[in-house]
1. If you go through region 260-268 one residue at a time, do you hit one that is of a type in the set (Val, Ile, Thr) and not in a loop (DSSP other than H, G, I, E, B)?
2. Which numbered condition trips up ILE227, out of (1) surrounded by fewer than 17 Cβ atoms within 10 Å (Cβ to Cβ); (2) in a helix (DSSP H, G or I)?
3. If you go through region 431-450, how many residues are assigned to a loop (DSSP other than H, G, I, E, B) and surrounded by 22 or more Cβ atoms within 10 Å (Cβ to Cβ)?
4. Restricting to region 1-21, and then to whatever is in a loop (DSSP other than H, G, I, E, B) and of a type in the set (Phe, Trp, Tyr), can you tell me which residue is nearest to the chain's Cα centre (by Cα)?
5. Please count how many residues of region 451-495 are touching a Phe, Trp or Tyr at 6+ places or on another chain (Cβ under 9 Å), polar (S, T, N, Q) and surrounded by fewer than 23 Cβ atoms within 10 Å (Cβ to Cβ).
6. Within the set of pairs 6+ apart or on separate chains, which have a first residue in region 456-478 that is over 20 Å from ARG46 (Cβ atoms) and touching a residue at least 40 places away in the same chain (Cβ under 8 Å), a second that is buried (at least 17 other Cβ atoms within 10 Å of the Cβ) and basic (Lys, Arg), and C-beta atoms under 6 Å apart?
7. Go through region 76-117 and report how many residues are over 23 Å from the mean Cα position of the chain (by Cα) and within 22 Å of THR448 (Cβ to Cβ).
Amino acid sequence: MSFPKHFLWGGATAANQYEGGYLSGGKGLAITDTITGGDGLNNIPRYMTVQLADGTKTKLERGFNTEMPAGAIAYVDPDYYYPSHVATDFYHHWKEDIALLAEMGFKAFRLSINWTRIFPNGDDKIPNEEGLIFYENIFKECLTYGIEPVVTLNHFDCPLHLATKYGGWENRQVVDFFTHYAETVFKRYKGKVKYWMTFNEINFLRDYSMIGITEEKSNPQRLAQAIYHVLLASAKTVKIGHDIDSQNQIGMMVAYMLTYPQTCNPDDIWADMDVSKDLRDFYLDVQCRGYYPSYKLKELERQGITLLKESDDDQLLLDGIVDYIGFSYYNSLVTSSAPEGDSTGGNQMGGLKNPYLEETEWGWPIDPIGLRIALNRLWNTYQKPLMIVENGLGAKDDIAEDGHIYDDYRIDYLQKHIIEMEKAISLDGVDLIGYMPWGCIDLVSAGTGEMRKRYGFVYVDMDDSGNGSLNRIPKKSFYWYKKVIETNGEILKGI
């Protein structure tokens with residue numbers, strides 16, 4: 001096996017799925033705090049509790065297929081369970097959890113800062129000092145163990161106040177609120193954090209729960225403007241971060257949904273190209289090249305959409321090119337010009353069933369070679385260092401009679417993907433600098449709101465209703481991954 005000497009082995013989490021303490025220490029409400037739990041195995045969706053313009057209180061399914069009507073606002077209803085409020089309580093277990101990561105030998109730990117813990121309303125002029133201290137202590141603890149923090153500034157995290165008062169990211173003012181937040185943490189954590197990412201899975205920021213805009217489907221102008229503002233904010237953040245500290249490495253983060261055309265029918269090939277451009281390529285092109293690609297401009301023209309811009313915006317996008325590409329990879333999908341046949345699940349969206357692949361309990365295809373394909377495509381297209389910041393297997397874990405958790409299925413999944421990573425490095429020449437499997441300590445599933453869909457090397461005693469001791473128990477994969485890191489992957493040689 002041939003991994004770089006200083007390869008960033010680690011794991012990844014997100015504040016709204018892991019941190020808890022949703023109103024502790026001066027934190028304000030985020031939209032994610034208004035999303036209920038769900039049940040992926042029984043097709044029970046997550047909901048947002050909302051108040052409609054006429055004052056009626058109801059709940060709406062959270063997802064890309066549900067439109068938030070004009071005048072509606074999300075709120076917290078005491079009669080519902082919201083997983084983000086406690087999650088798996090990193091807020092009170094951070095020292096214990098970082099010690100566990102250090103025991104595994106982590107070189108890096110990806111986590112997100114909760115915007116509303118720093119600026120409770122999002123538009124505050126003065127930051128919340130207690131929130132700043134909270135993350136400062138975490139970064140210091142990580143560095144004590146030689147763990148490099150990899151920090152996401154926004155992981156599905158829009159302050160509720162910005163949605164309610166300003167209409168979310170459609171409003172240009174939110175760009176300034178976000179860059180003020182970014183500048184604040186860049187200055188505060190200078191010398192403590194080197195690796196940053198702007199927006200998590202930026203290509204999924206399309207609905208009210210993510211960016212706080214209403215009528216995002218019936219008013220495509222509104223959605224296009226909001227996406228433009230998010231991309232502009234990312235570019236401005238990159239420039240600010242570089243100005244504050246030239247050592248900062250600031251990347252983007254995209255959900256890399258590898259797609260295969262169903263057949264060699266040219267119509268299927270073209271349909272796959274269309275899906276790829278809309279789903280991921282556009283976001284990569286803008287952040288890696290610094291401008292809107294011609295295919296997107298033509299698409300907006302056909303839709304009669306005119307982006308509202310300021311005179312220096314084009315230069316801002318160009319100045320804000322990212323230093324590296326962070327991406328999630330869980331599965332691949334099959335596309336078709338005339339979709340027929342069985343469907344399958346996936347990260348936030350599904351596709352047609354691939355008969356050549358096995359699937360997880362939640363119906364996600366398992367495609368390790370697809371990761372090698374994704375790495376090659378990204379590297380050959382953009383020639384920027386790559387970091388896998390999410391990958392993993394969501395599965396039900398049972399505690400055996402002897403008190404141990406034997407998650408061999410997770411080891412098998414991760415092992416196969418790591419082997420394909422190594423091939424991409426040693427055989428294909430890909431510049432891969434880090435690997436951070438998702439939910440390294442159990443957390444709440446973003447898509448389904450469940451706890452039983454677990455990803456971690458560490459089990460957390462918490463159920464889907466929020467009951468449990470929150471005790472931490474290392475799984476079999478904990479000790480396996482520790483050996484992988486100790487040997488820089490050499491333990492997998494010959495497998």
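The values are calculated or read from the model by the stated rules, or taken from the named source; none is laboratory data. Please read these numbers as outputs of a predicted model, since none were measured by experiment. A quick note on method: Cβ atoms are made from the backbone with ideal geometry, for glycine too, and the neighbour counts reach across all protein chains shown.
1. no
2. Here ILE227 meets the rest and fails (1).
3. 12
4. By that ranking, first place goes to PHE7.
5. Final tally of qualifying residues: 3.
6. PHE457/LYS475; VAL458/ARG472; TYR459/LYS475; SER477/ARG410
7. Qualifying residue count, region 76-117: 4.
The rows are residues; the columns are (1) in contact with a Cys (Cβ under 7 Å, 6 or more places away or on another chain); (2) over 28 Å from ASN42 (Cβ atoms); (3) part of a helix (DSSP H, G or I).
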| position | (1), (2), (3) |
| --- | --- |
| ASN347 | no, no, no |
| TRP362 | no, no, no |
| ILE369 | no, yes, yes |
| ASN380 | no, yes, yes |
| VAL389 | no, yes, no |
| ASP397 | no, no, no |
| TYR409 | no, no, yes |
| GLN415 | no, yes, yes |
